[in-house]
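A short worksheet on the structure shown next.
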Amino acid sequence: MLSKGRPKIYLEPVSGGAPEELIPDDSDQANPTWSPDGKRLAFAGAPWLRGFRPDSTAIRIIDMSDHQVSTLNGSQGLWSPKWSPDGRFIVAETLDSAELMLFDTGTNQWRSLKRVNQSIGYPCWSHDGTYLYFNTYPPAAAVYRVRVSDGRMETVVSLKDVRVTGAVGQWFGLTPGDIPLVLRKTRVQEIYALDVRFP
């Protein structure tokens, strides 16, 4: 949600009610990702709003028990964090979106997982935490996955014949079975009918 032109993180009760601003300061708060136990939230800045300056983002963690915020060492210039399903790792993109960096919460160390010669979009963990999936943009649009154990990369599916779209880059995600999901750009001339049989 935007507040005074800045992206902000809000919490809304499951039972309903007014959303509450989580961190009431003047920082950019983008790409929030829950730890698997729900006790912490990782987030970053919004470098695309700040000309991708190196000081426009870092990975920050908020402890939900006391709302204390800390910054991960060595995370300056990293963004778009995603917590692994087992909580051991946080992956983030470099400012140029050409490299995935992996933070080990046990050793508090960063390492490069994979650098590519294209722009990485929307990294997603496989549901068993074995792979990181991501998409790349035209003219060589595709979905790839990288094995966390050794950085081996493979093509999952080419998107060269799919007109993909999204609000901030071309969105990509995974189903619960790790099947890629993309947003397909359509025209108003394309009309579809769907027959639905409800129980």
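The values are calculated or read from the model by the stated rules, or taken from the named source; none is laboratory data. The structure presented is a predicted model; accordingly, all values stated were derived computationally and were not measured. Neighbour counts are summed over all protein chains in view; Cβ atoms, including those assigned to glycine, are modelled from backbone coordinates with ideal geometry.
Annotations for the structure displayed:
- Residue match in region 42-55 (condition: over 15 Å from residue 82 (Cα atoms), among the aromatic types (Phe, Trp, Tyr), under 18 Å from the mean Cα position of the chain (by Cα) and in a loop (DSSP other than H, G, I, E, B)): yes
- If you go through region 45-54 and keep only what is surrounded by fewer than 21 Cβ atoms within 10 Å (Cβ to Cβ) and within 20 Å of residue 90 (Cα to Cα), you end up with 46, 54.
- Considering region 5-44, the residues that are surrounded by 14 or more Cβ atoms within 10 Å (Cβ to Cβ) and among the charged types (D, E, K, R) include one that is modelled with the lowest pLDDT, namely 6.
- Test: residue in region 84-94 that is of a type outside the set (Asp, Glu) and modelled with pLDDT under 95: no
- Residue that is surrounded by the most Cβ atoms within 10 Å (Cβ to Cβ), among those in region 98-118 that are within 15 Å of the chain's Cα centre (by Cα) and free of Cβ contacts under 8 Å to residues at least 40 places away in the same chain: 101
- Any hit, region 3-21, residues being touching a residue at least 24 places away in the same chain (Cβ under 8 Å) and not in a loop (DSSP other than H, G, I, E, B): yes
- Qualifying residues in region 159-199 (those that are part of a strand (DSSP E or B) and under 23 Å from residue 96 (Cβ atoms)) - the one modelled with the highest pLDDT: 173
- Each residue in region 58-81 was checked for being touching a strand residue (DSSP E or B) at 6+ places or on another chain (Cβ under 6 Å), hydroxyl-bearing (Ser, Thr, Tyr) and under 18 Å from residue 112 (Cα atoms), and 1 of them qualify.
- Filter result for residue 70 (part of a strand (DSSP E or B), of a type outside the set (D, E, K, R), over 14 Å from the mean Cα position of the chain (by Cα) and surrounded by fewer than 16 Cβ atoms within 10 Å (Cβ to Cβ)): yes
- Test: residue in region 93-100 that is touching a strand residue (DSSP E or B) at 6+ places or on another chain (Cβ under 8 Å), within 14 Å of residue 27 (Cβ to Cβ) and not aliphatic (A, V, I, L, M): no
- Across region 132-142, the qualifying residues are those that are surrounded by 21 or more Cβ atoms within 10 Å (Cβ to Cβ) and touching a residue at least 40 places away in the same chain (Cβ under 8 Å), and the one among them that is farthest from residue 161 (Cα to Cα) is 132.
- Conditions (1) without any contact (Cβ under 8 Å) to a residue 24 or more places away in the chain; (2) surrounded by fewer than 14 Cβ atoms within 10 Å (Cβ to Cβ): number failed by residue 127: (1)
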